[in-house]
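Only one structure is covered here, and it is reproduced in the block below.
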Amino acid sequence: MNPTSQKNACVFGLGWGDEGKGKAVDLLSSAFDVVVRFNGGANAGHTVRVGVETFALHLLPTGSLHENVTAVIGPGVVVDPIMLLSEIDSLAKRGFDLTGRLKISDRAHIVQAYHKLEDQLSERAASDEAKIGTTSRGIGPCYADKMKRTTAVRFSDLLYEDNLDDRVRRIVSDRKTSLGALYSSDVELDPNAVLADLETAKVRLGGFVCDTTNFLHEAMDEGRSVLFEGANGMLLDVDHGTYPFVTSSSTGPHGIGPGAGVPVSRVDLLIGTIKAYATRVGSGPFVSELKDEIGDRIRERGKEFGTTTGRPRRCGWFDAVLGRYTARLSGATDLALMHLDTLSGLDPVGICVAYRIDGNTYSTPPADTGLLERAEPVIEFVPGWNEDLRSVRSLEDMPHAARTYIERIESLVGAPVSIAGVGPERSQTFVRGRIAELIRQPEPTTT
Ligand code: GDP
Ligand code: IMO
Ligand code: MG
């Protein structure tokens, strides 16, 4: 791509994760030179279905499945090196070689065994109301160490820090004491095992580690296009989500600055991915949740079971209060609306358009969990459709009721639907407007 036509984009979630970001990134990747993860870690699970093959990526950007794409793991990602290695190895076995096209930021932080242990112990010890329902991937404890600074280990430390072994031994010993005191359990933490994992990471991943911030700026200055792949979703954002039932990173385009070292002003298209209904995995308020046979039906039809943990996802009607909130926060320029096919056969279909709390009407979500737990959804019912949408490839071919539903969501959320999902397959998606123009552009330059 030449510099004048160069476009950078971000695909991110507008919900509580699992909106279909992996599928949207996969669809767009062939039009980009570089795909970058900038937040989260192995809590993410991004699925792509190609024919009979399914790929579920946790740490590698989904763009890794495209051989002309350079895959970047940015400074804002917390990386479990052992999980990353198993992901690299399993992709290699399936014919995807990342040699020469994977870059890991030297500023990225390393998730250690004691982070995962702390995640599990703190969840186990919490009361039922306080449990976050984390993915047990050590995400919160690793980001906490990053903020604490003295107890953090980055990839650059792995390569350059003198006496890293001594520091790690001290960290492990202190963590054993503090976890033992907090959770009064027999904490099994072997410093030699932690050091062995770090040695494996150094030997096998060291060659991928570099200054990805500089790489991205140089790439953009040369006219190469960059796609930023958000993990988790805006409702799990540490600042703006349904706190404290959130993850520990900035999950929207605002995370690109800290998480990739690129100002968000360089990103032209902000594609907010959202399902045609709502899902959530883990604890926390969910005003439009359907704890009845309609919710069960959506879960069965949409195969709503977690990609990372296998847990059943909670299902509910599309929540336009939250959709408008996260679209505004993120400045979404376009929507990728997924799983329209899953709603086929439901008539009518509900949309949550406001909340009633203690006799008051809310059009934007309150911060307080207690208020959200007490909220009653105000549901607008619209006609549903019975047709199977899986072979539909344009808006014009959609049944009238499905088109009307899409238009209603566009108007409530305040952004156009540019990508629509009608099935899990790579091909079961259609694209319109400028995103369609973008992916019709000539092949990008290879890196
Ligand atoms: P991500 O975390 O946002 O990448 O989403 P996940 O991959 O965790 O979950 C989305 C699930 O929905 C995956 O199993 C996808 O294969 C599937 N999926 C994505 N888009 C559609 C769609 O339009 N229709 C259907 N039926 N499934 C979809
Ligand atoms: P993708 O990228 C769905 C949820 C967890 C839990 C909370 C905190 O696949 O959309 P954490 O392990 O991050 O401390 O868990 O956040 N969560 C996700 N839910 N999809 C995700 O990622 C998620 N990442 C975190 O279930 O409720
Ligand atoms: Mg997922």
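The values are calculated or read from the model by the stated rules, or taken from the named source; none is laboratory data. In this text the structure is predicted, and so the values were computed from the model without any measurement. Cβ placement follows ideal geometry from the backbone for every residue including glycine, while neighbour counts extend to all protein chains displayed. These accessible areas exclude ligands, DNA and RNA; they are computed on the full protein's heavy atoms, side chains included. Shrake-Rupley method; radii C 1.70, N 1.55, O 1.52, S 1.80 Å.
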Starting from the Cα of Asp174, move 7 Å in the Cα-to-Cβ direction to define the label point; list residues of segment 136-155 whose amide nitrogen is under 17 Å from there.
141-154
Which value, in debye to the nearest 20, gives the size of the charge dipole of segment 149-188 about its Cα centre, when Lys and Arg are +1 and Asp and Glu are -1 at the Cβ?
160
From phi via Karplus (6.51, -1.76, 1.60), per-residue ³J(HN,Hα) for segment 51-56 in Hz, x at Gly/Pro:
x, 8, 8, 10, 10, 10
With θ set to phi - 60°, apply the Karplus curve 6.51 cos²θ - 1.76 cosθ + 1.60 along segment 316-322 and write out the HN-Hα couplings as whole Hz, x wherever there is a Gly or Pro.
x, 5, 3, 10, 6, 4, 6
For segment 42-148, radius of gyration divided by Kirkwood radius, i.e. Rg to Rh on alpha-carbons:
1.03
Label-point separation in nm, Thr99 to Phe381, each point 7 Å along Cα→Cβ:
6.2
Quick one: putting +1 on the C-beta of Lys and Arg, -1 on the C-beta of Asp and Glu, what dipole do you get for segment 86-129 around its Cα centre, in Debye to the nearest 20?
420
Quick check: at a probe of 1.4 Å, how many percent of the accessible area of segment 244-403 sits on carbon and sulfur atoms?
50
Accessible surface, segment 109-208, averaged per residue in Å² (probe 1.4 Å):
54
D (Stokes-Einstein, µm²/s), Kirkwood Cα radius, segment 1-91, 1.567 mPa s at 4 °C:
94
Starting from the Cα-Cα distance between Lys202 and Arg393, subtract it from 0.36 nm times their residue separation and give me the gain in nm to one decimal.
64.1 nm
Determine the share of segment 109-208's accessible area contributed by carbon and sulfur atoms, expressed in whole percent, with a 1.4 angstrom probe.
49
Filtering trypsin sites (Lys or Arg not before Pro) in segment 286-381 by DSSP loop and by at most 16 other Cβ atoms within 10 Å leaves Lys291, Lys303
Taking 0.36 nm per residue of separation and subtracting the Cα-Cα distance, what length does fully extending Ala181 through Ser156 add?
5.8 nm
Distance between modelled label sites at Asp268 and Val50, nm, 7 Å Cα→Cβ extension:
2.6
For Ala193 and Arg149, calculate 0.36 nm times their separation in residues minus their Cα-Cα distance, and state this gained length in nm to one decimal.
13.6 nm
Entries of Lys93/Lys116; Lys21/Lys275; Lys146/Lys176; Lys103/Lys202 with Cα pairs more than 20 Å apart
Lys93/Lys116
Only Lys, Arg, Asp and Glu count, each charged at its Cβ (+1, +1, -1, -1), so figure out the dipole size of the chain about its Cα centre, rounded to 20 debye.
180
In square nanometres and to one decimal, what's the mean projected area of the convex hull around the Cα atoms of the chain?
21.0
Protection proxy (average C-beta count within 10 Å per residue), highest first, orders 110-119, 196-205, 268-277 as 268-277, 110-119, 196-205
Calculate, in whole percent, how much of the Cα-Cα pair population of segment 109-208 lies beyond 21 Å.
34
In terms of modelled amide H atoms, which long-range or inter-chain residues lie less than 5 Å from the amide H of Gly13?
Met234, Thr273
So for segment 384-443, using the alpha carbon gyration tensor with a ≥ b ≥ c as root eigenvalues (a/c under 1.5 gives rounded; past that, a/b versus b/c decides prolate or oblate), I'd call it oblate
Label-point gap, in nm, between Ile439 and Ala367 - each point 7 angstrom along Cα→Cβ:
3.9
To the nearest 10 Å², what's Lys131's accessible area with a 1.4 Å probe?
60
